[in-house]
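The values are calculated or read from the model by the stated rules, or taken from the named source; none is laboratory data. From a predicted model like this one, the values you see are computed outputs, not experimental measurements. Note that we place each Cβ from the backbone using ideal geometry, even for glycine, and neighbour counts take in every protein chain shown. Accessible surface is based on the protein model in full, side chains and every heavy atom, while ligands, DNA and RNA are left aside. Shrake-Rupley method; radii C 1.70, N 1.55, O 1.52, S 1.80 Å.
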Amino acid sequence: MQATHGVQQFGALGADAQPLMVLSSEEADDESLVSQVDKADIVYFAGGNPAYLLEVLRGSLLLRKIQEGLESNLIVAGSSAGAMVMGERMRFRQWTDALSIVPGVVVLPHHERASKNETARDLRHETTGRLTVLGIDGATGCLSDGDGWRVLGEGEVTVYRAGEWSTHTHGEHFEIG
């Protein structure tokens with residue numbers, strides 16, 4: 001269902017979108033399946049269970065192909081669990097190392113449901129000072145544009161660092177380094 005929705009969304013934008021249905025570690029290491037990444041301009045990780053997605057991707061041929069693609073302008077995007085696994089760390093029931101596709105970042109999706117003050121207090125004890133946490137509301141995106149980050153969509157992106165937080169809305173630019 002998630003893949004079909006993603007194909008429809010990207011197709012509506014004019015893309016020739018194709019699903020890559022990788023649902024197991026074995027499939028993530030299947031050269032005949034993951035070789036499709038070699039021809040892709042964009043790889044999009046859909047939502048779902050972040051712990052399972054992390055388990056499937058960690059150390060896989062698919063992840064290596066994505067990392068190689070990043071060196072030659074592959075765009076990688078994700079929503080919900082797909083965004084969570086791209087950071088350096090993630091919090092899903094407990095803190096764990098993620099894929100570090102975006103080093104130094106932690107993503108908290110569906111952030112419109114969270115108390116910013118409570119989140120800042122919790123994060124101050126759970127993360128190191130080198131991590132930046134991005135709390136991203138639903139229907140909202142955060143795009144790295146080479147010079148920093150830009151917010152797209154209806155909601156806010158809350159940036160947490162060292163117990164402090166700031167919010168940014170559509171079109172706003174911010175830096176995290």
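A few remarks follow.
- Considering only beta bridges that DSSP places wholly inside the chain, some 65 percent are antiparallel.
- Per-residue extension of 0.36 nm, minus the Cα-Cα distance of Ala139 and Arg124, leaves a gain of 2.7 nm for this segment.
- Since only Ala120, Leu143, Pro109 are under comparison, the one whose Cα sits farthest along the positive direction of the charge dipole of the range 31-164, derived from C-beta charges on Lys, Arg, Asp and Glu, is Ala120.
- Taking other residues whose beta carbon is less than 10 angstrom from the beta carbon of His170, and scoring Lys, Arg as +1 and Asp, Glu as -1, yields -2.
- Under the convention that each Lys and Arg Cβ holds +1 and each Asp and Glu Cβ holds -1, the size of the dipole of the range 35-150 around its Cα centre is about 320 debye.
- Taking all protein chains into account, the per residue accessible area for the range 1-99 stands at 59 Å² (1.4 Å probe).
- Pairwise label distance in nanometres, Ser72 with Gln9, each label 7 Å out on the Cα-Cβ vector: 2.7
- The alpha carbon centroids of the range 105-148 and the range 41-77 are separated by 20 Å.
- Placed amide H near Thr132: partners under 5 Å, 5+ positions off or other chain: Val105, Val106
- Taking GluC sites (Glu not before Pro) as exposed when their DSSP state is a loop state and no more than 15 other Cβ atoms lie within 10 Å, the longest site-free interval of the chain runs over 72-153.
- Residue-count net charge about Asp97 - beta-carbon cut-off 13 Å; Lys, Arg +1, Asp, Glu -1: +1
- Under a 5 Å amide H cut-off, with hydrogens placed 1.01 Å from N, Gly48 pairs with Ala81, Gly82 among residues at least 5 apart or on other chains.
- Extension gain for Ser35-Ala162 works out to 41.6 nm (0.36 nm per residue, less the C-alpha to C-alpha distance).
- Computed from point charges on the beta carbon alone (+1 for Lys and Arg, -1 for Asp and Glu), the dipole magnitude for the range 101-177 about its Cα centre is near 260 Debye.
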